[in-house]
Amino acid sequence: WAICEQLMLRQTYDGEVRWIIVDDGETPQTVTFKRDKWTLNVLHPDHVWTGQNTQAANLIHGIKFVQDHEKLVIIEDDDFYHPEWLRRVDDWLKTHDLVGEAPARYYNVITRRARELPNTVHSSLCATAMKRDAIAQFKSELKDGAKFIDLHLWGNFNGSKKTYRTKMVVGIKGLPGRMGIGVGHKKEFGGMFDPKSEILRLWVEPNFDLYG
């Protein structure tokens, strides 16, 4: 979470942002983030994480506070976002209702392995943003216990959508905290071995200092 706060502090987007943070931990996470033009809504749902996957439940809780006219950018607290990310998706959303980056890139900091996935027509949820009809579709895809929400959202939404071939998001695996369900957490992850963190440095510049 401390890394996530720093990544958001370094965003170059200078417009107003309302950051909806869903914390289902038994002990509330300390939030120290402060930035001009940013307001924080820190939510503590009734359910508490005890080892199960609560991504869908947290999204269901958080989406209640998203207004229909707003733009929604998904930020996952253990992933990397380039400083230009929010500025870039804001531009993309001017012409499409569902946008994101593809292909996905994953990096496991424990095994030091990097992998780029072959997806081209959908984005991982951590690299997805939306507005209007796409938000409505997103809400319809959210069911308690649902998995692979990104695949369903991108596959079922028939409105204006586009993936971009930028390199601004990295799904970081292996950081302290709860285990995820994605391929990056599994033993069969594979990928390129990066013993000297050269790939990591390339992928997360200019913020390697947060991971070094």
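Among the residues of the range 2-16, write down those that are open to solvent by less than 30 Å² (accessible area, probe 1.4 Å), closer than 18 Å to residue 91 by Cα and touching a Phe, Trp or Tyr at 6+ places or on another chain (Cβ under 8 Å).
Looking only at the range 2-16, we keep the residues that are open to solvent by less than 30 Å² (accessible area, probe 1.4 Å), and these are 4-5, 7-8, 11, 15.
Those left that are additionally closer than 18 Å to residue 91 by Cα: 8, 11, 15.
Those that are open to solvent by less than 30 Å² (accessible area, probe 1.4 Å), closer than 18 Å to residue 91 by Cα and touching a Phe, Trp or Tyr at 6+ places or on another chain (Cβ under 8 Å): 8, 11.
Which one of 39, 50, 32, 27 is more than 18 Å from the chain's Cα centre (by Cα), not hydrophobic (A, V, I, L, M, F, W, C) and not in a loop (DSSP other than H, G, I, E, B)?
Working: 50 fails: not in a loop (DSSP other than H, G, I, E, B); 32 fails: not in a loop (DSSP other than H, G, I, E, B); 27 fails: not in a loop (DSSP other than H, G, I, E, B).
Within the list 39, 50, 32, 27, the selection yields 39.
Looking for something surrounded by fewer than 20 Cβ atoms within 10 Å (Cβ to Cβ), modelled with pLDDT under 95 and either touching a His at 6+ places or on another chain (Cβ under 8 Å) or not aliphatic (A, V, I, L, M) (or both) - is there at least one such residue anywhere in the range 95-109? No, the conditions are met nowhere in the range 95-109.
Please verify whether residue 39 is among the polar types (S, T, N, Q) and modelled with pLDDT of 95 or more, treating the condition exactly as stated. When the stated conditions are applied, residue 39 passes them. Which of the residues belonging to the range 139-178 are farther than 24 Å from residue 25 by Cβ, touching a Leu at 6+ places or on another chain (Cβ under 6 Å) and not acidic (Asp, Glu)? 157, 161 - these are the residues of the range 139-178 that are farther than 24 Å from residue 25 by Cβ, touching a Leu at 6+ places or on another chain (Cβ under 6 Å) and not acidic (Asp, Glu). Residue 90 meets the conditions (1) without any contact (Cβ under 8 Å) to a residue 60 or more places away in the chain; (2) within 27 Å of residue 203 (Cβ to Cβ) in every case but one. The failed one is (1).
Scanning the range 59-72 for residues that are open to solvent by less than 30 Å² (accessible area, probe 1.4 Å) and part of a helix (DSSP H, G or I) yields a count of 2.
The values are calculated or read from the model by the stated rules, or taken from the named source; none is laboratory data. Just so you know, these numbers come straight off a predicted model, no measurement behind them. As a convention, Cβ positions derive from the backbone with ideal geometry for all residues, glycine included, and neighbour counts pool all protein chains shown. Accessible surface areas use protein heavy atoms only, side chains included; no ligands, DNA or RNA. Shrake-Rupley method; radii C 1.70, N 1.55, O 1.52, S 1.80 Å.
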